[in-house]
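See structure below.
The values are calculated or read from the model by the stated rules, or taken from the named source; none is laboratory data. It should be emphasised that the depicted structure is a prediction, and the values quoted were computed from it without experimental measurement. Virtual Cβ from ideal backbone geometry, glycine too; neighbours counted across all protein chains shown.
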Protein chains: 2
Amino acid sequence: MTIRFYDLVGSDPARPFSPHCWKVHMALTHKALDFERIPVCFTQIPALEGGVFKTLPAITNCKETVSDSMAIAVYLKDKFSDRGSHLFHGEGGVALSRFVEAWTNTQLHMWIRNWALLDILEMLSQKDQAYFRISRETRYGKPLEEIVAGRETTVPELLAKLEPFRAMLASQPFLGGKEPAFADYIVFGAFQWLRVCSGLHMIPASEPVLDWVNRMLDLHDGLARSVSEASA
Amino acid sequence: MTIRFYDLVGSDPARPFSPHCWKVHMALTHKALDFERIPVCFTQIPALEGGVFKTLPAITNCKETVSDSMAIAVYLKDKFSDRGSHLFHGEGGVALSRFVEAWTNTQLHMWIRNWALLDILEMLSQKDQAYFRISRETRYGKPLEEIVAGRETTVPELLAKLEPFRAMLASQPFLGGKEPAFADYIVFGAFQWLRVCSGLHMIPASEPVLDWVNRMLDLHDGLARSVSEASA
């Protein structure tokens, strides 16, 4: 039985954008696993698999269901230890990936959210748009337009946030060392989210982190590059 | 033959303060290795082992010499794979420790340096004080007093920088997972540097990262706690 991978999409099922889903998409491919990708809109999530999932990504494998990108990656490591390339290269890699996840969530996702909220909204189906606006405006306590206003002035903040990642890239080409690991997919998910929803045009072409983004886009026969960058 | 560990000190050889030396001190103990700790002042470094070291920490083991804290940790992992506890738990742990190092250097060390420069100066021998002031003022392009001025206003910046670490601690007690690993010593080196030179009084007692600092101070029979905190 093939793994089912539930992937969040907007009105175009061929433009998945969720950072957490991209981590899993890359990880399944990294492990050379057969899987069926099932595009799902926000408002369709409660109907999946009898309503067990609150968020995506989620996978099913035989009778098992797993959600949360990190939990899925650990599941794939344990279940398919003999398949494809390693995602973590040891338990030290699992533990430190949780720090990479915390760094990505607190430093990059917050910034990207504030940049991309309206761009994400535009990508959604009409029914999802209503859900998205209400849920996000309730969560953040203000209109989406107000969160995004003046976003161009915040680019130096993003570049400052990238400082530790840039410093790490001076000593090795990937977080995983010579080869990418799940930690690279964690950070890449954020960049792919921004790239697919808003584009990467706000990042100066001289930014060394973009070289790493390009290496990530090249992986697995250009899997992530196959979804085109949003135009400015 | 016992390992020789060259540890940077000021006028009191019993108050080592270097963040990079503390990483190695903790790592040698973590690996249950016999070592002789040799306290060294800044201006004594060029005379060590025929002048091979530019900075500390450094170790000698039989005829081998290694400097740089990360290189020493990797050397200990390779050379003493059967001794004590693991420092990295796999190659994934080594690669991701380089990101933890980059994060610590760019986020914590810069802040601590700006806070503690004059406190460090006071700890040094007279000869080292002259070297330290000239070398640092040349590097930073201004008097130490000017760098440190107004440091109390920068505490919120430090607390903001701790955000990803705080978020990681919500899912596990150490960077290494259930047990400390070299990555914990990398971050702890920064806190111990601040603690020994200036104290930790500027960090609110409610800060969750302090719980982790206390766990680190408890390790190895209170090794790091045996050097008392600087008073405010």
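Being exposed (fewer than 15 other Cβ atoms within 10 Å of the Cβ), part of a helix (DSSP H, G or I) and touching a residue at least 12 places away in the same chain (Cβ under 8 Å) is the filter here, so list the residues in the stretch B:195-214 that pass it. The answer is B:208, B:211.
If you go through the stretch A:141-171 and keep only what is within 14 Å of another protein chain (Cβ to nearest Cβ) and either outside any helix (DSSP H, G or I) or of a type outside the set (D, E, K, R) (or both), you end up with A:159, A:160, A:162, A:164, A:165, A:167, A:168, A:169, A:170, A:171.
Residues in the stretch B:88-120 that are charged (D, E, K, R) and either in contact with a Phe, Trp or Tyr (Cβ under 9 Å, 6 or more places away or on another chain) or within 30 Å of residue B:201 (Cβ to Cβ) (or both): B:101, B:113, B:119.
Of all residues in the stretch B:13-49, those that are outside any helix (DSSP H, G or I) and either over 13 Å from the mean Cα position of the chain (by Cα) or buried (at least 17 other Cβ atoms within 10 Å of the Cβ) (or both) total 16.
Given B:81, B:125, which one is surrounded by fewer than 20 Cβ atoms within 10 Å (Cβ to Cβ), hydroxyl-bearing (Ser, Thr, Tyr) and more than 29 Å from residue B:232 (Cα to Cα)?
Working: B:125 fails: more than 29 Å from residue B:232 (Cα to Cα).
Of B:81, B:125, the one residue that is surrounded by fewer than 20 Cβ atoms within 10 Å (Cβ to Cβ), hydroxyl-bearing (Ser, Thr, Tyr) and more than 29 Å from residue B:232 (Cα to Cα) is B:81.
Do we have residue A:77 as of a type in the set (Lys, Arg), farther than 16 Å from residue A:189 by Cβ and more than 14 Å from chain B (Cβ to nearest Cβ) here? In short, no. You will find that of A:55, A:104, the residue that is under 30 Å from residue A:159 (Cα atoms) and touching a Ser or Thr at 6+ places or on another chain (Cβ under 8 Å) is A:55 and no other.
Residues in the stretch B:182-195: is at least one over 19 Å from the mean Cα position of the chain (by Cα) and either modelled with pLDDT of 95 or more or within 14 Å of another protein chain (Cβ to nearest Cβ) (or both)? No: the stretch B:182-195 contains no residue that is over 19 Å from the mean Cα position of the chain (by Cα) and either modelled with pLDDT of 95 or more or within 14 Å of another protein chain (Cβ to nearest Cβ) (or both). Among the residues of the stretch B:125-132, none qualifies, meaning not one is more than 14 Å from chain A (Cβ to nearest Cβ) and under 14 Å from the mean Cα position of the chain (by Cα).
Selection of the stretch B:83-93 for residues being farther than 25 Å from residue B:6 by Cβ and either basic (Lys, Arg) or more than 7 Å from every other protein chain (Cβ to nearest Cβ) (or both) yields an empty set. State whether one or more residues within the stretch A:172-181 are of a type in the set (Asp, Glu), over 25 Å from residue A:72 (Cβ atoms) and at the interface with another protein chain (Cβ under 10 Å from one of its Cβ atoms). Within the stretch A:172-181, not a single residue is of a type in the set (Asp, Glu), over 25 Å from residue A:72 (Cβ atoms) and at the interface with another protein chain (Cβ under 10 Å from one of its Cβ atoms). Restricting A:49, A:64 to those that are without any contact (Cβ under 8 Å) to a residue 12 or more places away in the chain and over 25 Å from residue A:158 (Cα atoms) reduces the list to A:64. Of all the residues in the stretch A:69-94, those that are farther than 27 Å from residue A:198 by Cβ, assigned to a helix (DSSP H, G or I) and not β-branched (Val, Ile, Thr) number 9. Residues considered: B:198, B:231, B:206, B:226. Of these, the only one that is more than 14 Å from chain A (Cβ to nearest Cβ), touching an Asp or Glu at 6+ places or on another chain (Cβ under 6 Å) and of a type in the set (S, T, N, Q) is B:198. Of all residue pairs spaced 6 or more apart or on separate chains, those with beta-carbon atoms under 9 Å, a first member in the stretch A:94-119 that is touching a residue at least 24 places away in the same chain (Cβ under 8 Å) and at the interface with another protein chain (Cβ under 7 Å from one of its Cβ atoms) and a second member that is buried (at least 21 other Cβ atoms within 10 Å of the Cβ) and of a type in the set (Ser, Thr, Tyr) are A:96/B:97.
Taking residue A:97 as the residue in question, decide whether it is under 29 Å from residue B:157 (Cα atoms), outside any helix (DSSP H, G or I) and of a type in the set (Gly, Ala, Ser).
On the way: under 29 Å from residue B:157 (Cα atoms): yes; outside any helix (DSSP H, G or I): no; of a type in the set (Gly, Ala, Ser): yes.
Considered against the rule, which asks whether it is under 29 Å from residue B:157 (Cα atoms), outside any helix (DSSP H, G or I) and of a type in the set (Gly, Ala, Ser), residue A:97 comes out as no.
Scan the stretch A:215-232 for residues that are in a helix (DSSP H, G or I) and buried (at least 19 other Cβ atoms within 10 Å of the Cβ) and report the count. Give the steps one after another, and end with the answer.
Start the filter on the stretch A:215-232 by keeping residues that are in a helix (DSSP H, G or I), which leaves A:215-222.
Those left that are additionally buried (at least 19 other Cβ atoms within 10 Å of the Cβ): A:216-217, A:219.
Total meeting the criteria: 3.
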